[in-house]
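The values are calculated or read from the model by the stated rules, or taken from the named source; none is laboratory data. Every value quoted in this text rests on a predicted model; they were computed, and no experiment measured them. Here the Cβ positions follow ideal geometry from the backbone for every residue, glycine too, while neighbour counts run over all protein chains shown.
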């Protein structure tokens, strides 16, 4: 009996030990960490193509400002650089040239003057007020041109206008058609040569407009004054008398009483010697009227509005037996 009890105890103990061994030997299961759901990245949206960069248009640079038209500067340069002889030509010299170089002869008188008194053979007639409207009828700017009128006054005005426009080979017939006839040179009658139209040369547009306005508006008489008329004015209105001859000419031949002498090429640099009021009456003269016409034109273009030129110049004054001062 005790043996069985002892056997049962041994078996129970064995099973206890076996259970403990089984419990201790089993591997311990580590709990798996809970997996957090991963955030699913949103599907990439198709990107709109980047707008193409349109290259900026190149900035237009403003054209360089053109220098303002300066008539005073142009006239000053012209008057100051006039050559000896002042671009006048004597009748006999013109006849020689006509036999050789064949210059273009420009008669700037009115048509009736040609009908009444004749003209130089081969001359083309364009009245003074129309000359700059007909540049296409003149030769090239470097070709020889001789311009004439009745006594040289209008010829001098047109000479200066063409020179200012860039014509480099222009002369004016000294004392005009009157001197040509007095030299017994050939005169023809009838219809003058018709001017042939060609291509107008390139000239300064502003200068052309100003000169054409001036010539087109010239009054009857073309701002000339006869010696007797000047003497009357001197007794009343007392105009400013301007002598543009060289000093030696006054010493040799005398001058008009009260005249102020400013040689032609010094005129535009001596404006302080003229009346400050540009509307004041001025009468300019030279020997025969050629330089007087140039000075008249220059002063008119520079804003002097009441200028006259002595027709025929100092020679006409003396021929009329009007008073002359010497010394």
- Item | Criterion (within 28 Å of residue 178 (Cβ to Cβ) and touching a strand residue (DSSP E or B) at 6+ places or on another chain (Cβ under 8 Å)) met by exactly one of 261, 253 | 261
- Query: Regarding residue 268, is this residue buried (at least 16 other Cβ atoms within 10 Å of the Cβ), modelled with pLDDT of 95 or more and either within 25 Å of the chain's Cα centre (by Cα) or assigned to a loop (DSSP other than H, G, I, E, B) (or both)?
  - Reply: yes
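Residue-wise test of (1) assigned to a helix (DSSP H, G or I); (2) out of contact with any strand residue (DSSP E or B) (no Cβ under 8 Å at 6 or more places or on another chain).
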residue: 177; (1), (2): yes, no
residue: 181; (1), (2): yes, yes
residue: 186; (1), (2): no, yes
residue: 200; (1), (2): no, yes
residue: 206; (1), (2): yes, yes
residue: 209; (1), (2): yes, yes
residue: 220; (1), (2): no, yes
residue: 235; (1), (2): yes, yes
- Task: Output the number of the condition that residue 185 fails; it satisfies all remaining conditions of (1) closer than 22 Å to residue 222 by Cβ; (2) surrounded by 15 or more Cβ atoms within 10 Å (Cβ to Cβ); (3) more than 35 Å from the chain's Cα centre (by Cα); (4) touching a residue at least 60 places away in the same chain (Cβ under 8 Å).
- Result: (1)
- Does segment 282-304 hold any residues that are part of a loop (DSSP other than H, G, I, E, B) and within 15 Å of residue 72 (Cβ to Cβ), and which are they? 302, 303, 304
- Message: Among the listed residues 229, 141, identify the single one that is at pLDDT 95 or above and not assigned by TED's automatic domain parsing to the domain that holds residue 74.
- Response: 229
- Task: Identify the residue in segment 161-171 that is assigned to a helix (DSSP H, G or I) and in contact with a strand residue (DSSP E or B) (Cβ under 9 Å, 6 or more places away or on another chain) and, among all such residues, is nearest to residue 193 (Cα to Cα).
- Result: 162
- Message: Restricting to segment 230-249, count the residues that are out of contact with any helix residue (DSSP H, G or I) (no Cβ under 9 Å at 6 or more places or on another chain), surrounded by 14 or more Cβ atoms within 10 Å (Cβ to Cβ) and under 20 Å from residue 320 (Cβ atoms).
- Response: 2
- Could you please find all residues in segment 98-152 being outside any loop (DSSP other than H, G, I, E, B), touching a strand residue (DSSP E or B) at 6+ places or on another chain (Cβ under 8 Å) and loosely packed, with under 14 Cβ neighbours inside 10 Å? 111
